Amino acid sequence: MEAAYKESEKPERKGWRRDSSMPSLPEVHQSMRVPKKAGFFRKLLAFVGPGYLVAVGYMDPGNWATDLAGGSQFGYTLLSVILISNLMAILLQALAGRLGIVTGRDLAQACRDHYSKPVSFVLWVLCELAIAACDLAEVIGAAIALNLLFGIPLVYGVILTSVDVLLVLLLQKRGFRYIEAMVISLIAIITGCFIMELIFSRPDVAAVASGFIPRAEIVTNPAMLYIALGILGATVMPHNLYLHSSIVQTRKIEPTIEGKREAIKFATIDSSFALMLALFVNAAILILSAAAFHSAGREVAEIQDAYHLLGPMLGTGAASILFAVALLASGQNSTLTGTLAGQIVMEGFLNIRLTPWLRRLITRIIAIVPAVIVIGIYGDSGATDLLILSQVILSLQLSFAVIPLVKFTSDRKKMGELVTPKWMIVLSWFVAVLIAGLNAYLLYSTFFG
């Protein structure tokens, strides 16, 4: 694939300091053709896929604890926070897709080109920490699901999750469409499980609808604000911005302004629809928690407690089983995209390549070692604390990905005619500043509150 990458296909330099020496994910770069003469829906189908890989990060196990706590403590009130967080995610992922399509660079490559070597190195280290933290949450989530379904001890469950490296390598060899198909299939399982959970829990439809309306109480109530900030911090995943800016380049589009404009449109539709599914899953977790636990006056923050209580409180053991199956699918799905994100970040920032199995092994070891140590010392209760810590680390890194993304896509020298529209620029900077402020407050509250 690298040999077939022609000089004429390299991204234009424009406002960048250097040409991009290699495409992002070269083994699958422009590997999927887009029909030139086809109707709207056939072209849209050709672009469907990357958005679902991105959506996985918005419904990973790291989100479950905050959604469960929010629903059990405050009922449906924090649904509005999930909605606002998801709208922010849709905006930021649209920018990431635009950056990759227009410039031919992923976010990591763009940072390496724009910033000095010391700054780029710091950004790389921070991003690697975020990916390791995210992988840690996925490892623990999958291990908890294996424990709940099959009684496998958490330590052994954590080690078993490393086997998924074989699945990733197999799918990569067969083609990128196979990875997309696997991810979409697992998302369908998660969605189906929660549709059944909502049927079992019979939530108050009117109360659910009113929960999507923001209330001043969320800001004035310190306990509610803290969980709301946790939901915000756990929703937008920094590594997803790097991932999306790369995988949109798997489509072979016309290298013209109109071709890129069309690609931006379809890629945005793809990611927006996929993220609406993520909104459904996150909202469903909170709704389930509110209907099952809040109405009974039970506060639940740990995933294991939710599993054990769901069956008795909803009157069917299937509720607990479906909950654990969805958690397992969520954890395994996230590991597929985590592998790609790690490869993109390392290659983009350092301009070096590692074989996929070695990159995956390094990422897995970084996640598995602390998980095994903490669980071995503190027992199963330490897994939840480690899950929360992983989300704090993700919050810390988020602004270091969002601000460069908004900066690059707002620069006409870098983006040319396809620079982000002014209204979108203003909204994006508002979101970037808001996220930075909220995450700073969340970190302060976590360590000093």
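For the reader, a short list of remarks on this structure follows.
- Solvent exposure of the chain, expressed per residue, is 40 Å² of accessible area, with all protein chains present and a 1.4 angstrom probe.
- Residue order for 305, 67 - accessible surface, 1.4 angstrom probe, largest first: 305, 67
- Hull volume in cubic angstrom per residue (convex hull over the Cα atoms of the chain): 140
- Relative contact order computed over the chain (Cα-Cα under 8 Å; 6+ residues apart), in percent: 34
- Largest accessible area first, the listed residues 117, 407 line up as 117, 407 when surface is computed with a 1.4 Å probe on the assembled protein chains.
- Over the residues of the chain, the helix contribution to mean residue ellipticity at 222 nm works out to -25500 deg cm²/dmol, using -39500 (n - 2.57) for each DSSP H run of at least 4.
- Relative contact order [Cα under 8 Å, 6+ residues apart], the stretch 63-180, whole percent: 9
- Rounded Å value of the spacing that divides the Cα centres of the stretch 249-291 and the stretch 126-142: 23
- Space enclosed by the convex hull of the alpha-carbon atoms of the stretch 181-260, per residue, Å³: 196
- Whole-Hz ³J(HN,Hα) from phi, Karplus 6.51 cos²θ - 1.76 cosθ + 1.60, for the stretch 131-137, glycine and proline x: 5, 5, 5, 5, 5, 4, 4
- Ranking by accessible area, most exposed first, for 180, 262 with a 1.4 Å probe: 262, 180
- Share of carbon and sulfur in the accessible heavy-atom surface of the chain [1.4 Å probe, %]: 68
The values are calculated or read from the model by the stated rules, or taken from the named source; none is laboratory data. As the structure is a prediction and not an experimental result, all values here were calculated from the model. In case anyone asks, the SASA skips ligands and DNA or RNA and just uses the protein heavy atoms, side chains included. Shrake-Rupley method; radii C 1.70, N 1.55, O 1.52, S 1.80 Å.
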